[in-house]
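Notes for the one structure printed next.
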Amino acid sequence: MKNSSRRGFMGMAFGAVAGVGAVASLYAMKRSWDPLPSVKAAGFTTLDMSAYKENELVTEKWRGKPIFVLKQSKEMLEKAKKNPKDLERLIKIGDDHFMVAVGLCTHLGCIPGYNPDEESFLCACHGGMYDSTALVTKAPPPRGLDIPPFKIDGNKLVLGEAGPEYKKMLETGVTLKV
């Protein structure tokens, strides 16, 4: 009887050690599959929209892509109001309207330059032009600049998170999913 109780104890001890080892192995595997904190942080970029000036293009960075942010002046907004498509592309935060777009031409991926005097973008690769809301005004680009996923958080814009405003833009065809 002594032998069998010792054998039972050894079996339970071995089982407990094996169980702890299995849990530790699974934990280590899960940690190796999780993205690194630096990768997680690169997924979201928070922009304080109160820092931007009218008709001054600022290029931010999100997931390695240039993001154009252009605060609309009153004149720009009046032009946009004449065409409902232009107005749909603007992001309203407080009383201000912003054009926020991935700064890559939808034709071949070149980076368009901004001309503040003409309030327009020119892609030097093939002469495509966009207005201040990033809609095409001269071909060959097939569509306006893409709008990155965003969520409005008070006076801040969180890039990389799809909020209700962005989802509405996708549903209505204002932009394509980036």
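The values are calculated or read from the model by the stated rules, or taken from the named source; none is laboratory data. These numbers come from a predicted model, not from an experiment. Cβ: placed from backbone, ideal geometry, glycine included. Neighbour counts: every protein chain shown.
Quick notes on this one:
Let's see how each residue does on (1) free of Cβ contacts under 8 Å to residues at least 60 places away in the same chain; (2) assigned to a helix (DSSP H, G or I); (3) assigned by TED's automatic domain parsing to the domain that holds A139; (4) farther than 18 Å from F150 by Cβ:
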site	(1), (2), (3), (4)
L87	yes, yes, yes, no
H97	yes, no, yes, no
C105	yes, no, yes, yes
L108	yes, no, yes, yes
I111	yes, no, yes, yes
D117	yes, no, yes, yes
H126	yes, no, yes, yes
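- Filtered by the rule that a residue be touching a residue at least 24 places away in the same chain (Cβ under 8 Å), within 14 Å of R143 (Cα to Cα) and surrounded by fewer than 15 Cβ atoms within 10 Å (Cβ to Cβ), segment 164-176 gives a lone residue, L176.
- Residue, nearest to C110 (Cα to Cα), within segment 57-79, restricted to residues that are touching a Phe, Trp or Tyr at 6+ places or on another chain (Cβ under 9 Å) and among the charged types (D, E, K, R): E60
- Selection within segment 104-121: residues that are crowded, with 17+ Cβ neighbours inside 10 Å, out of contact with any Cys (no Cβ under 8 Å at 6 or more places or on another chain) and not polar (S, T, N, Q). The member of this set that is farthest from E60 (Cα to Cα) is E119.
- All positions within segment 66-96 that are over 17 Å from A162 (Cα atoms) and charged (D, E, K, R): K71, K74, E75, E78, K79, K81, K82, K85, D86, D95, D96
- Scanning segment 25-72 for residues that are modelled with pLDDT of 80 or more, surrounded by 15 or more Cβ atoms within 10 Å (Cβ to Cβ) and either touching a Cys at 6+ places or on another chain (Cβ under 8 Å) or in a helix (DSSP H, G or I) (or both) turns up just one, M49.
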